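A short write-up of the structure that comes next.
The values are calculated or read from the model by the stated rules, or taken from the named source; none is laboratory data. Remember, it's a predicted structure, so these values are computed and weren't measured experimentally. Note that each Cβ is placed from the backbone with ideal geometry, even for glycine, and that neighbours are counted across all protein chains shown.
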Amino acid sequence: MKRVLVIFLALMAVMYLAPMAVSIGLAANHGIASADAHAAGAPEEAAAHGSNLGSELPLWTALPFAGILLSIALFPLVAPHFWHHHFPKVSAAWALAFAVPFLFVYRGDAMYEILHIYIVDYIPFIILLWSLFVISGGIYVKGTLKGSPAVNALIILIGTALASWIGTTGASMLLIRPLIRSNAWRKHKVHTIVFFIFLVSNIGGTLTPLGDPPLFLGFLHGVPFFWTFKILPEMLVAVGILMAVYFAMDSFFYKKEDKSGMTTENGTISIEGGINFLLLAGVIGGVLFSGIYQTKLGHVNILGVHQNTANLIKDAILVVMAFLSLWMTKKAVRAANEFSWFPIKEVAYLFAGIFMTIIPALAILKAGEQGALAWLVKAVETPAHYFWATGALSSFLDNAPTYLTFFNSQLGKFYAGMPEAVAVPKLIVDQIPYLAAVSAGAVFMGANTYIGNAPNFMVKSIAEESGIPMPSFFGYMFKYSIPILIPIFIILTLLFF
Amino acid sequence: MTKQYSEVVFEGPYSNIRGFIDGFIAGSGKEFAYFFSDNAGVKAETMSEVLKEWISLSNKIHHVVMESDLLDKIKKSLEKSVDSDSLNKASIKSAKAIKSASFRFKFNTYGRKYGDDIKKLLEKLPGGLSLKEYAPVEKVDKDARGVELYSPAHEYSFEGTGVIAGPVDEAIAFRKVLDDHPLVDVAVINLEF
C-alpha cells in the first residue's frame with residue numbers, strides 16, 4: 001500500500017512540475033497579455049467544471065472527511081502502534097471511500113475537482129512543508145545552558161519569534177532538545193515543555209504563511225504573504241500574557257529545585273548548519289516572489305487545471321533550496337537532530353487523504369446558503385463566533401483543514417457564487433476581523449490539546465523519551481490549557497473580536 | 001538487628017510535639033529515629049479521625065512513627081511529669097507496634113536510559129525490603145524509532161506496578177528514593193500492626 005501511495009505521489013509531482021519545464025516561456029508570454037484576464041478567466045474554468053457541485057452534494061458526502069480527521073485525532077490516543085504502522089492505509093481508505101462514488105457519479109467534473117485540489121493545494125502545500133522540514137532539520141543548536149527561568153523564557157521567546165519564519169514544526173524541532181538539555185538537572189520541568197508547546201509549536205506561527213499550515217493554505221488561496229501581520233496585536237497580547245505567566249511559574253518552581261544537581265553554570269550555545277538560514281531566506285524569497293507575481297506571469301495548464309506560473313517557480317525554488325540543504329549540510333548535523341523522513345511522509349500520506357475528502361465540505365461551504373451547510377453559515381455570524389468555532393474544531397481536529405473549512409464558509413457567507421479569485425481580494429479588505437478571527441482561532445487554539453497541531457505530539461514524544469513525565473491527554477487540558485489558555489482567549493475575544 | 005517501631009497518636013499542637021520529641025532525644029544522648037506520618041507519606045488518619053477533626057475544627061491529632069524504645073522512654077517520662085498545657089501523659093492517645101509496612105508504586109517511561117535506572121533501583125532493594133506483585137512490561141518497536149508528527153509511537157516503553165514491603169523505616173526511606181524519581185509514582189505507606 002505504501003508503495004502504491006509513493007508511486008501516486010511521485011506521479012502527481014511529475015505531472016505537476018513537468019509542464020513548467022516545457023511551457024514556462026509560452027505561458028509567460030501568454031500571461032503578460034492576459035494576467036488580469038486570468039482572474040476573470042477563473043470563473044469560466046470553474047463554471048465549466050460543475051460550480052453547482054456545492055449546492056448538489058448532500059452533507060453525508062463529507063463523512064469521509066470527518067472520518068479521516070477523527071482517525072488522526074483518536075487513533076494516536078487509543079491505538080498508537082496500530083496507527084503508526086497502518087495510517088497510510090487508513091488515509092487511503094477514507095480517500096477512496098469518497099473518490100470512487102464521486103468519480104462514478106460526477107465523472108469529468110469529479111476528476112477536475114480532484115486534480116484541482118491536488119495541483120493547486122496539496123502539492124504546493126507538501127513542497128513547502130517538505131522544504132521547511134529539510135532546511136530546519138539541517139540546523140542543530142549545540143550546547144547546554146543553565147535552565148534558569150530567564151534562560152528558558154529566552155529560548156521559548158526565540159522559538160516563538162522563529163516559528164513564523166521556519167514553521168512551528170521547524171522551530172519546535174530546532175529548540176526542543178536544547179531546552180530539554182538545559183533543564184535535564186531540574187525536577188520541575190513539565191510546565192516548561194507545555195509552555196513551549198503553547199508558544200513555539202502554535203502561537204508563534206501566527207505572522208506568516210510559513211508559520212503554520214493553515215495560513216499557507218490561505219496564502220495559496222490568495223491571502224497576501226504579509227496579510228497575517230494584521231494578527232500581530234492578538235499575537236503580542238497572547239505571547240505577553242503567556243510569557244509573564246510562564247516566568248512567574250518557572251521562578252516559583254526554580255526556587256524549589258535542588259541546585260546542587262545543576263550541571264552547567266555558564267554554558268554556551270553554538271549553531272551548526274548555519275548555511276540553512278540562508279536557504280531559509282531563499283524559501284521566504286520564493287514564497288514572496290509567488291505572492292508578488294501571482295498573476296503577472298500567466299499560468300500553465302496541468303491536466304486541465306490552471307496553475308499560476310509564479311507558483312510553479314516558487315515550488316521549484318523551494319525544491320532547489322531543500323536539495324541544496326541536503327547537499328550542503330553535514331550528515332552529522334542531521335544525525336544530531338535525529339532527522340528522518342518519517343514525519344514528512346506522515347504529512348504527505350495523511351494530507352493526500354485529507355485533501356481528497358475535503359472536496360465536498362469545501363464545495364458545500366462555498367455554496368453558502370445554497371449548500372447543505374447553510375445552517376452553519378448562518379449560525380456563525382460574528383468574528384467572535386468564527387474565532388471560537390474555528391478554534392474549538394482546531395483544538396481537536398487538524399487546524400489546516402479546519403482553517404480551509406471556515407475560510408470557505410466566509411466566502412460562502414459574504415460572496416456566495418462569486419469565484420474565489422474575485423472573492424478573496426474582497427474578503428481580505430472588507431472583512432478583516434472575520435479572516436483574522438479564523439486565522440487566530442486556527443493557529444492559537446491548536447495549542448488546546450495534543451492533537452490540535454502536529455508539532456504538539458512531536459514535542460510531547462521527544463520530552464517523554466527524555467524522561468519528562470508529560471501529562472496525559474486530559475491532564476494536559478485540565479492542568480494547563482483550560483486554566484491558562486482559555487482565559488487568554490476570552491481576553492482576546494473581548495479585546496479584538 | 002531490625003529496630004522495632006510503633007505508631008503513636010499524639011494530641012496537641014504540632015510544634016509542641018515536635019519540640020518535645022527533639023528535646024527528649026537530645027537530652028537522652030542517644031540516636032532515635034521518628035517520622036511524622038504526614039511528612040513521611042505514611043497513611044495515618046482513619047476516616048473517622050478525619051471527620052472528628054473536621055467536626056471539632058481542630059488540627060491536633062498527629063501520627064508519629066517512632067522507635068518503640070523511644071516510645072517507652074517518652075511514656076515513662078510523661079508519667080512522671082506534672083500536668084501542663086504543653087504535653088502530658090494524656091497527650092498520647094494510642095500506640096501500636098508496627099509489624100511491617102508496604103506501599104504501591106507504578107512507573108512509565110519511554111527512554112531506555114530511564115528504564116534501566118528504574119530497573120537498577122528495584123534490583124537492589126535496601127535490606128529487609130521485598131518486591132511483591134511486580135508486573136513490568138517492556139516493549140520495543142524498532143519501526144517506531146525517531147520523531148513522528150501524526151502517528152506518535154515510542155520505540156521503547158517500560159511500565160509496571162508493584163508493592164514494596166518490609167520494615168517501616170526502610171520503607172519510608174526507599175519510598176522517598178522512588179518518589180524523587182520523576183517517572184515513578186508512589187502511593188502512601190500502609191502499616192500493618
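What about A:Pro360, is it in a helix (DSSP H, G or I) and at pLDDT 90 or above?
yes
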Worksheet item: If you go through segment B:117-124 one residue at a time, do you hit one that is more than 14 Å from every other protein chain (Cβ to nearest Cβ), among the hydrophobic types (A, V, I, L, M, F, W, C), in a strand (DSSP E or B) and surrounded by 15 or more Cβ atoms within 10 Å (Cβ to Cβ)?
Response: no
Worksheet entry | Subset of segment B:125-157 (residues that are closer than 18 Å to B:Val177 by Cβ and surrounded by 16 or more Cβ atoms within 10 Å (Cβ to Cβ)) | B:Leu129
Worksheet item: Does segment A:257-264 contain at least one residue that is of a type in the set (A, V, I, L, M, F, W, C), under 20 Å from the mean Cα position of the chain (by Cα) and either in a loop (DSSP other than H, G, I, E, B) or buried (at least 22 other Cβ atoms within 10 Å of the Cβ) (or both)?
Response: no
Worksheet item: Among the residues of segment A:51-106 satisfying the criterion of being touching a Leu at 6+ places or on another chain (Cβ under 8 Å) and within 14 Å of another protein chain (Cβ to nearest Cβ), which is surrounded by the fewest Cβ atoms within 10 Å (Cβ to Cβ)?
Response: A:Leu70
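Can you find a residue in segment A:327-335 that is within 14 Å of chain B (Cβ to nearest Cβ) and more than 21 Å from the chain's Cα centre (by Cα)?
Among the residues of segment A:327-335, at least one is within 14 Å of chain B (Cβ to nearest Cβ) and more than 21 Å from the chain's Cα centre (by Cα), which makes the answer yes.
Mind telling me which of the residues A:Leu303, A:Leu279, A:Leu297, A:Leu324 ends up being away from chain B (no Cβ under 14 Å), at negative phi, modelled with pLDDT under 90 and touching a helix residue (DSSP H, G or I) at 6+ places or on another chain (Cβ under 9 Å)?
Among A:Leu303, A:Leu279, A:Leu297, A:Leu324, only A:Leu297 is away from chain B (no Cβ under 14 Å), at negative phi, modelled with pLDDT under 90 and touching a helix residue (DSSP H, G or I) at 6+ places or on another chain (Cβ under 9 Å).
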Discussion item. If a residue must be in a helix (DSSP H, G or I) and touching a Pro at 6+ places or on another chain (Cβ under 9 Å), how many such residues does segment A:370-383 contain?
Written reply: 1
Worksheet item: Of the residues that sit in segment B:71-116 and are aliphatic (A, V, I, L, M) and modelled with pLDDT of 80 or more, which one is surrounded by the fewest Cβ atoms within 10 Å (Cβ to Cβ)?
Response: B:Ala97
Item to complete: Name the single residue, out of those in segment A:118-132 being modelled with pLDDT under 90 and among the hydrophobic types (A, V, I, L, M, F, W, C), that is farthest from A:Glu338 (Cα to Cα).
Response: A:Val120
Worksheet item: Looking at segment A:394-491, what helices (runs of 4 or more DSSP H) fall wholly within it and have at least 2 residues that are among the aliphatic types (A, V, I, L, M) and within 14 Å of chain B (Cβ to nearest Cβ)?
Response: A:454-465
